[in-house]
Amino acid sequence: MLGLSQSDLCARAGVGRKLLNGFEGGERLVRERNVDRIRAALEQAGARFQYYEDGSVAVRVAVRDAPERGPGRPPEGSAE
C-alpha cells in the first residue's frame, strides 16, 4: 500500500532485515526504540496510526495529491 519494500523500510528506519522479519512474524521481541523507528518510517511514508483504549491499533494510508472524495465515493474514473 505504501510502495515500500522491506529493504526500503529497513533503510528508512535504520533497522536490519532480520529484526523486521522477526517483528512482523511475531517471533522476536523488539526494543521500543526500534518499534518507534519503524513506526516513524511508516508514518513518513503515509501510514497513519489510530490508538484505541482497548489497546487495539488501526492503520490507514494517507492518500497524497488526491482530490477530496466523500465517504464511500470511489475515485473518479474507477470501474465502480
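The values are calculated or read from the model by the stated rules, or taken from the named source; none is laboratory data. Please read these numbers as outputs of a predicted model, since none were measured by experiment. Using ideal geometry, Cβ is built from the backbone for each residue, glycine included, and neighbour counts are taken over all protein chains shown.
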## Note on the structure
Residues of segment 8-39 being over 14 Å from the mean Cα position of the chain (by Cα) and either farther than 20 Å from V59 by Cβ or of a type in the set (K, R) (or both), in sequence order, are A11, G14, G16, R17, K18, E27, R28, L29, R31, R33
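Of the residues that make up segment 16-25, is at least one surrounded by fewer than 10 Cβ atoms within 10 Å (Cβ to Cβ), at pLDDT 65 or above and either of a type in the set (F, W, Y) or within 20 Å of M1 (Cα to Cα) (or both)?
Within segment 16-25, one or more residues are surrounded by fewer than 10 Cβ atoms within 10 Å (Cβ to Cβ), at pLDDT 65 or above and either of a type in the set (F, W, Y) or within 20 Å of M1 (Cα to Cα) (or both).
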#### Entry: Sole residue being of a type in the set (K, R) and at pLDDT below 85, chosen from R28, R48, R64, R37
R64
### Summary
Exactly one of L4, L42, L9 is at pLDDT below 90 and surrounded by 12 or more Cβ atoms within 10 Å (Cβ to Cβ), and that residue is L4
